[in-house]
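What follows is a short report on a single structure.
Each reported figure results from applying straightforward, stated rules to the coordinates on display, with no laboratory input. Quick caveat, the model's predicted, so the values are computed rather than measured. Because the Cβ atoms are built from the backbone with ideal geometry, glycine has one as well, and the counts that use them run over all protein chains shown.
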Amino acid sequence: MNTPNTLPYPQGNAFYSTLRKRYLTATIWQSLFLGSLLIAIIVLMALIYNVIDGAFGYIAYEYKNSPSEFTATAPNELTKEELLVILKDNLSRGAYNKLDEEQTMETRSQSDLLNLFFERLVRLDTKQTWSMTESLSKGAEIQAEVAEKYPDAVLEFRSWLTPQFLTAPMSSRAEFAGVRTAVLGSLWLVGIAIAFALPIGTGAAIYLQEYAPKNWFTSIVQTNINNLAGVPSIVYGMLGLAVFVRVMESFTSGAMFGVTDSNGRTILSAGLTMGILVLPLIIINAQEAIKAVPDSLRQAAFGVGATRWQTIWHHVLPNALPGIMTGSILALSRALGETAPLIVVGASTFISLDPDGPFSKFTALPIQIYQWTTRAQSEFHAIAASAIIVLLILLLTLNATAILLRNRFQRRW
Amino acid sequence: MKEEVIHLKSLEAQSFRHFDLKKKLRISESIIQGLLFFAGILSIFVTIAIVYELGKEAMLFFALPDVTFAKFFGTTKWQPGIGQYGIWALVSATLTTSTIAMLISLPLGLASAIYLSEYASPRLRSILKPILEILAGIPTVVYGYFALLFVTPILKSFLGEDLSVYNMLSAGLVMGIMILPLISSMSEDALSAVPRALREGAYAMGATKLETSLQVVLPAALSGIGAAVIIGISRAVGETMIVAVAAGAGPNFSFNPLEAAETMTGHIARISGGDLSYNSIDYNSLFAIALMLFLVTLVLNLISQWVVNKFREQYE
C-alpha cells in the first residue's frame with residue numbers, strides 16, 4: 001500500500017459505512033422536509049373538514065306553540081296573504097309595527113313571512129345540535145338520547161347552508177338568520193375600497209415606474225409603500241376610526257349631503273379604510289406589471305414622437321393591464337376577508353336592513369362570522385360555519401378569476 | 001446632453017428655423033404628471049396620518065397626570081378605567097402567542113421551502129405550491145373559528161382540565177399555520193435565487209443533496225430567510241382575529257400558554273367593538289397600544305429590508 005494514510009478521509013470499508021450513514025441522514029431529512037409540507041396540507045384539509053362538519057348535522061327542536069293553533073293548513077302551503085293575516089292577528093300591535101317599519105310587511109316575500117311565522121308565533125326552540133360526523137356515525141345514539149331527554153322534540157338532519165340562508169336577513173335566532181345583509185355590506189365595502197384604491201394605486205405605480213427620478217425622495221416613497229404593506233390591519237382600523245369616523249364625520253355620515261340619521265360609522269368610512277389598507281398592495285402589484293412591459297415598446301413610441309403620457313396610455317398601460325387587474329382582484333379578496341379594521345371602524349353586529357347607500361350602517365360577512373363564532377350556543381357555530389363556506393366560495397371565485405386572467409393574458413416578452 | 005445642444009445649435013446655424021425643437025410646455029401632460037405625482041406621494045400622507053393621529057390620541061393618554069411611563073412599562077395590570085396602566089398584561093400574551101407561532105412556522109416553513117426549492121420536481125411543485133397559496137389566502141377570522149372549535153377541543157382531549165376554553169396555545173399554533181406560507185414562500189424565493197453553479201460545485205465535491213442544501217444553499221440564502229422570519233414575527237404581533245376569537249377576552253399577565261389572555265391586538269378589537277365614547281380614557285389608551293404596535297412592526301419591517309440589502313450575497 002503506497003497510499004499515504006495521513007489523509008483524514010475514511011478508507012475502504014470505513015468509507016462505505018460513512019457513505020451509507022450520509023445517505024441515511026439525507027433520506028431522513030428529506031422525509032422531514034416533505035413531512036412539514038404534508039403537515040400544512042393536513043391542517044388545510046382539517047380546516048375545510050371542520051367547517052363543512054359544522055355546517056350540516058342533526059338538530060333537535062321543539063315548537064313552543066303548535067302551528068295548528070294558528071292555521072288549519074300545513075304552514076308550508078300558506079299563501080302570502082294568509083300569512084299576513086295570521087301574523088297581523090297574532091302578533092302584538094307593537095311588534096307588528098316594528099317589523100313593518102323595518103320593511104313594509106306587504107313587500108316581503110312568502111318565505112320571509114313564513115320565517116316570521118315560525119320565529120315569532122310558533123317559536124321554534126332549538127334544544128341541541130350535532131356536527132355532521134356525530135350525526136353520521138352515532139345517529140342511533142342521538143335518536144335515543146333525544147327521545148329520552150326531549151320527548152316532544154323533533155329530530156332532523158339539517159343543512160344550515162340553504163338558499164334561504166343566502167337570502168334571509170339577519171335574525172337574532174340562528175335558525176332563521178341569513179347572510180343577505182352581510183353579503184351586501186361586504187360587496188358595498190369592497191366596491192368602495194376598489195373604486196378608491198385602484199385609480200390612485202395605479203396612478204402611484206405609473207408615477208414611480210415612469211416619471212419618478214431616481215433620487216432619495218423616490219426611494220423614501222418606495223420604502224414607505226413597502227412598509228405600509230406590512231402595517232397590521234388593526235392599525236388601519238384605528239386610522240379609519242380617527243380620520244374617517246371622527247374628523248371627516250360630516251362627509252362620511254352624509255351630513256354634508258343632507259343625510260341626517262347616521263353617525264360616521266358608515267359603509268363609506270369602512271370602505272375608505274379598506275381602500276387605504278389595500279392601496280400598498282395594489283401599488284406594488286401594478287409596479288410589477290408595469291416593470292414587466294419591455295423598454296423597447298416605450299422607445300418605439302418615443303421614436304415616432306409620442307409624448308410620455310401618450311406612450312403610457314396607449315402602450316404601457318394596455319400591456320400592463322392584465323397584471324394590474326390580477327393584482328386588484330387579489331387586493332379585493334384581501335379586503336373581503338379582512339375583519340379587524342371593520343370591528344374598529346364600527347361595523348354594526350346586528351342589522352336586518354339591507355344597506356341602501358354609502359351612508360348606511362353596515363355589517364359584513366367576516367363580522368358576522370366573528371360574531372357567531374364567539375357566541376356560546378352551538379347553533380350559532382353552525383351558521384358561522386355556513387357563512388365561512390359562503391365567504392370561502394366567494395374568495396375562491398375571485399382568485400380563480402385572477403388566475404384565469406393571468407393565464408389568459410400573460411405574455412412572455 | 002451636451003451633444004444634443006451642439007447638434008441643435010448647428011441646426012440653427014443652418015437656418016432650419018421653422019423646426020422648433022425645444023421642449024414644448026404641454027399643459028395637459030403637466031396636469032397628468034401632477035396628478036400622478038400626487039397619487040404617488042399619497043402613501044406618504046397615509047404614514048403621516050397614522051403617526052399623527054395615533055400619536056395625538058396617545059399623547060392625550062400619556063398626558064394624564066395618572067399615567068406615567070414607569071407605570072406603563074413597569075406594572076403588570078391593565079385596566080385604564082380604574083387606574084391600572086401596566087401594558088405588560090397585554091404584551092405578555094402577544095409575546096407568548098407570537099413565540100408559539102414562530103416555533104411552529106419557522107421550522108415547518110423553512111423545511112417546506114427547502115423541499116419545494118431543492119427536492120420537488122416541477123410537477124410536484126405545481127401541485128404543492130397552490131395548496132400553500134390557498135392556506136395563505138384564508139381569512140384570519142376563519143382561522144379563529146378553526147382554533148376555537150377544532151384545535152382547542154383536540155388539545156383539550158390531550159391536556160384535559162389544565163387547558164382553559166380560551167387559551168394562548170391553540171391561538172398560537174393556528175397563527176403558526178397561518179404564517180407558515182409566508183415564511184415558506186419568502187424563503188423559497190431566497191433559496192431559488194442562489195445560483196446553480198454553487199450547487200453544482202458542491203455536487204462535484206461529492207456532497208449529497210442534503211449536504212448541498214443545508215451547508216451550501218441555505219447559508220447563501222440566509223439574508224432572505226432572515227428577512228422572512230422578521231416579517232413573520234411582524235405578522236404574528238399584528239395578527240388580530242385569531243387571538244380575538246381563541247386566546248381569551250381579558251388582560252392577564254401570564255406566559256403560560258394554557259391560560260387565557262388578551263393580546264394587544266385582541267384588546268383593541270374587543271374594546272373598540274363595544275360601546276366606546278370618544279375622548280374617554282379607554283379610547284385614548286387604545287391609540288397608545290396601536291401606536292406601540294405600529295412602531296414595533298415598523299421597526300421589524302425596516303430591519304427586514306435592511307437585512308436583505310445589507311447581507312445579500314451578490315453573485316454574477
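Cα convex hull of region B:28-172: how many Å³ per residue?
On the way: hull volume 34.7 nm³, N = 145.
Cα convex hull per residue, to the nearest whole number: 239 Å³.
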Evaluate the distance, in nm, between pseudo-label points positioned 7 Å from the Cα of residue B:63 and of residue A:172 along their respective Cα→Cβ axes.
4.2
Under a Cβ-only charge scheme (Lys and Arg +1, Asp and Glu -1), can you give me the dipole magnitude of region B:78-311 about the Cα centre, in debye to the nearest 20?
640
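Looking at region A:148-212, what % of the alpha carbon pairs are farther apart than 15 Å? Write out the running numbers ahead of the final one.
Working: 1473 of 2080 pairs.
The calculated P(r) of region A:148-212 puts 71 percent of pairs beyond 15 Å.
What FRET efficiency would be calculated for the residue pair residue A:321, residue B:56, taking the C-beta separation as r and a Förster radius of 30 Å, to the nearest 0.05?
Taking R0 as 30 Å, the efficiency between residue A:321 and residue B:56 is 0.15.
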Would you kindly compute the Cα radius of gyration of region B:78-311 and its largest Cα-Cα separation (Dmax), both in Å?
20.3, 70
Can you list the lysines whose alpha carbon sits under 20 Å from that of residue A:80, skipping same-chain ones fewer than 8 residues off?
A:88, A:98
Can you tell me the FRET efficiency between residue A:300 and residue B:127 if r is taken as the Cβ-Cβ distance and R0 is 45 Å, rounded to the nearest 0.05?
0.65
Which of A:397, A:266, A:126 moves the most in a Gaussian network model of chain A with Cα springs under 10 Å?
A:397
Determine which aspartates and glutamates satisfy two conditions relative to residue B:23: a Cα distance under 18 Å, and not lying fewer than 8 residues away in the same chain.
B:3, B:4, B:12
Here the longest stretch of chain A that holds no trypsin sites (Lys or Arg not before Pro) in a DSSP loop having at most 15 other beta carbon atoms within 10 Å is A:215-374
Please tell me the relative contact order of region A:17-128 in percent, rounded to the nearest whole number, where contacts are Cα pairs under 8 Å and at least six residues apart.
39
Magnitude of the charge dipole, the protein assembly as shown, Cβ model with Lys/Arg +1 and Asp/Glu -1, debye to 20
2760
So what is the relative contact order of region B:78-311, in percent, for Cα pairs below 8 Å that sit 6 or more residues apart?
30
Straight-line reach from residue B:156: which lysines have a Cα under 29 Å away, not including same-chain ones fewer than 8 places off?
A:127, A:138, A:149, B:77
Taking only Cα atoms of region A:180-409, radius of gyration then Dmax in Å:
20.0, 70
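What does the average come to when, for each residue of peptide A:46-57, you count the partner chain Cβ atoms lying within 10 Å of its Cβ?
Numbers: counts 5, 12, 4, 1, 7, 5, 0, 2, 3, 0, 0, 0.
Rounded to a whole number, the mean comes out at 3.
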Just want to confirm a number: the relative contact order over chain A, from Cα pairs under 8 angstrom separated by 6+ residues, in percent.
19
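Region A:1-142: Rg/Rh from Cα coordinates, Kirkwood Rh? Please report the intermediate quantities before stating the final value.
Working: Rg = 34.7 Å, Rh = 22.1 Å.
Across region A:1-142, the Cα-based Rg/Rh ratio is 1.57.
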Cα-based Rg / Dmax (Å) for chain A
29.8, 112
Pick from A:118, A:217, A:157: which residue has the top mean-square fluctuation in a GNM of chain A where Cα pairs under 10 Å get a spring?
A:217
Roughly what would the spin-label model give for residue A:250 and residue B:77, points 7 Å off Cα along C-beta, in nm?
4.5
Once fully extended, how much extra length lies between residue A:397 and residue A:62, figured as 0.36 nm per residue of separation less the alpha-carbon to alpha-carbon distance?
116.7 nm
What does the convex hull of the Cα atoms come to per residue for the protein assembly as shown, in Å³?
258
Max mean-square fluctuation residue, GNM over chain B, Cα-Cα springs under 10 Å, options B:227, B:236, B:120:
B:120
